[in-house]
Amino acid sequence: MAFKLSDGTLIPTDTAFTIGTGEDAINYPANWLRLSTADEKTALGITEVADPTPIDYNFYNHDGSAKALDDVNSVDSNGDLIKNSDGTQHITYGLKTFYKNKEKSTAQTKLKKYDWYITRKAELGTAVPSEITTYRVAIRTACNTREAEIDACSDVAALITLFGFTEKDGVITPNMTQYPTDPYVQELL
């Protein structure tokens, strides 16, 4: 819960504050808002307001504006294009590229666990168990599908929704395609 002075100044709960200026200033301790009555607050022109919604810095800048979805050419403070050391255009990645790269990294981590089967097959000719082959194909498919779902987002709100969950009749379902369950990992009950 937060409070607001009549001049519009926000006062978070458990924060000391001052009303007035100069010799007329009155300092109030951090616990005053908790200990005072509604009438005491009203007498000073203090009203109760909802806490501001925290900014999710994964999707929004510090000023509250949405981060760019798509990649853009990097420019300096004069608006001139920034070049890489090899002379190519420097790109500032948008949220779509950032999250698709995270998906690639996640898939790589999941595949890496069973890479030794592939190495053993190449070196010794030992067959890879079919459940491992099936799992590895499913990982790649899920990664490609997740990247397509990210690309399909038209704005930041859609991207946030994609990474969220839907609840119906007490069942929570992720909005995004899920990676397959590892065939050799038992679920804990």
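Based on this model, can you work out whether Gly20 counts as outside the structural domain of Asp151 (by TED's automatic domain parsing), at pLDDT below 90 and at positive phi?
yes
Any residue that is over 15 Å from Leu95 (Cβ atoms), in a helix (DSSP H, G or I) and of a type in the set (Asp, Glu) - is there at least one of those in the range 117-124?
Yes, the range 117-124 has at least one match.
Please pick out the residue among Ile160, Ile132 that is surrounded by 14 or more Cβ atoms within 10 Å (Cβ to Cβ), in contact (Cβ under 8 Å) with a residue 40 or more places away in the chain and within 23 Å of the chain's Cα centre (by Cα).
Answer to the check: Ile160.
Among the residues of the range 144-172, write down those that are within 19 Å of Glu103 (Cβ to Cβ) and of a type outside the set (A, V, I, L, M).
Asn144, Thr145, Arg146, Glu147, Glu149, Asp151, Cys153, Ser154, Thr161, Phe163, Gly164, Phe165
Would you point out which residue out of Leu81, Leu69 is over 27 Å from the mean Cα position of the chain (by Cα) and on the phi < 0 side of the Ramachandran plot?
Unique residue meeting the criteria: Leu81.
Checking Lys96 against (1) of a type outside the set (Asp, Glu); (2) closer than 30 Å to Ile82 by Cα; (3) surrounded by fewer than 12 Cβ atoms within 10 Å (Cβ to Cβ), only one condition comes out false. Which one?
Of the numbered conditions (1) of a type outside the set (Asp, Glu); (2) closer than 30 Å to Ile82 by Cα; (3) surrounded by fewer than 12 Cβ atoms within 10 Å (Cβ to Cβ), the odd one out for Lys96 is (3).
From the residues in the range 89-116 that are touching a strand residue (DSSP E or B) at 6+ places or on another chain (Cβ under 8 Å) and part of a loop (DSSP other than H, G, I, E, B), which one is nearest to Asn61 (Cα to Cα)?
Once the filter is applied, the top-ranked residue is Gly94.
Gln108 passes all but one of (1) surrounded by fewer than 13 Cβ atoms within 10 Å (Cβ to Cβ); (2) touching a Cys at 6+ places or on another chain (Cβ under 7 Å); which number fails?
All conditions are met except number (2).
Among the listed residues Asp63, Asp86, which satisfies the condition of being assigned by TED's automatic domain parsing to the domain that holds Ala148, under 30 Å from Ile160 (Cα atoms) and part of a loop (DSSP other than H, G, I, E, B)?
Every option except Asp63 fails the conditions.
Considering every residue within the range 69-80, establish whether at least one is in a strand (DSSP E or B) and hydrophobic (A, V, I, L, M, F, W, C).
Just the residues of the range 69-80 that are in a strand (DSSP E or B), to begin with: 72-73, 75.
Adding the requirement that they be hydrophobic (A, V, I, L, M, F, W, C) leaves 72, 75.
There is at least one residue in the range 69-80 that is in a strand (DSSP E or B) and hydrophobic (A, V, I, L, M, F, W, C).
If only one of Thr141, Thr166 is within 30 Å of Phe59 (Cα to Cα), polar (S, T, N, Q) and not in a helix (DSSP H, G or I), which one is it?
Of Thr141, Thr166, the one residue that is within 30 Å of Phe59 (Cα to Cα), polar (S, T, N, Q) and not in a helix (DSSP H, G or I) is Thr166.
The values are calculated or read from the model by the stated rules, or taken from the named source; none is laboratory data. The structure presented is a predicted model; accordingly, all values stated were derived computationally and were not measured. As a convention, Cβ positions derive from the backbone with ideal geometry for all residues, glycine included, and neighbour counts pool all protein chains shown.
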